Amino acid sequence: MPELPEVETLCRQLHAKIAGETILAQKAYDQKLYEIGDVSKRIVRRVRRRGKTILLDLDNGQSLVIHLRMSGRLFWHASKTKLPHTRWRLNFTSGHADLVDPRRFATVKLEKTDYENAGREVLTRFDERAFLLGQSKRKICVKTLMMDPKAIAGIGNIYACEILYDAGISPWRSSSTITRAEWKKIFHVSRCILEKAIEKRGTSISDWRDLYGHPGENQYELQVYSREGHICARCGDVIQRVKQGGRSTYYCAGCQK
DNA sequence: AGAACCGCCTGCTTGC
DNA sequence: TGCAAGCAGGCGGTTC
């Protein structure tokens, strides 16, 4: 599923492709997306990311707000290609961007919004002080907190597991027991891991592909996610998979205390 | 107020 | 082999 690095990859590719271009038309193939509104003749000023949300800022102050949720993908086609599960299409002179989404969770809205995610973007302008004051003492597991978009934007299951492994912190720890120094480490490790994943153009663990259908390469960097039963490279213990709030958590009990 | 749970969906995996 | 149940999970909304 697309998380921050995957969405960032799409945004960069999309920006390079359509910034300054005029939208010819949009078409929905799924009833859930019939009521988006008229964007024809609008120029895309820029494409940017907030958390896992993609924003296409238009020349009239509105933005197309796209969230891929679980199974959404964006593909660029110059020809008439239409993949199965194509739910929505944005047409340009040079081709079209298709939203392909088997499970139909993805959303597209047309809004007038500045959508700044104030202080919750972990890679840019992250407000550590506000986080430590307002979020860090919540009585939920640290992994659950890291995945809460109201606390930190853009971190999903894969990267939450990888970050906590790298930081050597157990996903079962209550947020309220994490020290200030440990939070600092979590923020630092988060930036390192997410930036590397962006460089690798995302994690193609199941079916993630970029705008042009190419897989990323970050799956080769994973230390714990999807590695149940493998040996921990750091301490030799066995990587475990456990259930946490209905989702799979992968971790090493040997070195995540 | 804050934490836990539910519902949206459908393709893939698992078990009988 | 075939079919049904189970599973996956971001996140907004609802319930506890």
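The values are calculated or read from the model by the stated rules, or taken from the named source; none is laboratory data. Keep in mind that what you see is a predicted model, and the values were worked out from it rather than measured. With ideal geometry, Cβ positions are generated from the backbone for all residues, glycine too; neighbour counts draw on all protein chains shown.
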**Q.** Among the candidates A:240, A:244, residue that is out of contact with any helix residue (DSSP H, G or I) (no Cβ under 7 Å at 6 or more places or on another chain) and within 16 Å of DNA strand C (Cβ to nearest atom)
**A.** A:240
**Q.** Within the stretch A:70-170, strands (runs of 3 or more DSSP E) holding 1 or more residues that are out of contact with any Phe, Trp or Tyr (no Cβ under 9 Å at 6 or more places or on another chain) and within 14 Å of DNA strand C (Cβ to nearest atom)
**A.** A:107-111
**Q.** Any hit, the stretch A:217-227, residues being of a type outside the set (D, E, K, R) and either modelled with pLDDT of 95 or more or in a strand (DSSP E or B) (or both)
**A.** no
Q. Name the pairs: first residue in the stretch A:152-173 and on the phi > 0 side of the Ramachandran plot, second residue away from DNA strand B (no atom under 16 Å from the Cβ) and of a type in the set (A, V, I, L, M), Cβ to Cβ under 6 Å, at least 6 apart or on different chains?
A. A:154/A:4
Q. What residue, of A:7, A:65, is under 16 Å from residue A:212 (Cα atoms), within 14 Å of DNA strand C (Cβ to nearest atom) and of a type outside the set (Phe, Trp, Tyr)?
A. A:7
Q) Is the stretch A:28-35 home to any residue that is modelled with pLDDT under 95, assigned to a loop (DSSP other than H, G, I, E, B), closer than 24 Å to residue A:154 by Cα and among the aromatic types (Phe, Trp, Tyr)? A) no
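A quick yes/no check of all residues on (1) β-branched (Val, Ile, Thr); (2) surrounded by 19 or more Cβ atoms within 10 Å (Cβ to Cβ); (3) away from DNA strand B (no atom under 15 Å from the Cβ):
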| position | (1), (2), (3) |
| --- | --- |
| A:214 | no, no, yes |
| A:225 | no, yes, yes |
| A:245 | no, no, no |
| A:255 | no, no, yes |
Q | Flag for residue A:119 being in contact with a helix residue (DSSP H, G or I) (Cβ under 7 Å, 6 or more places away or on another chain), of a type outside the set (A, V, I, L, M, F, W, C), modelled with pLDDT under 95 and closer than 14 Å to residue A:4 by Cβ | A | no
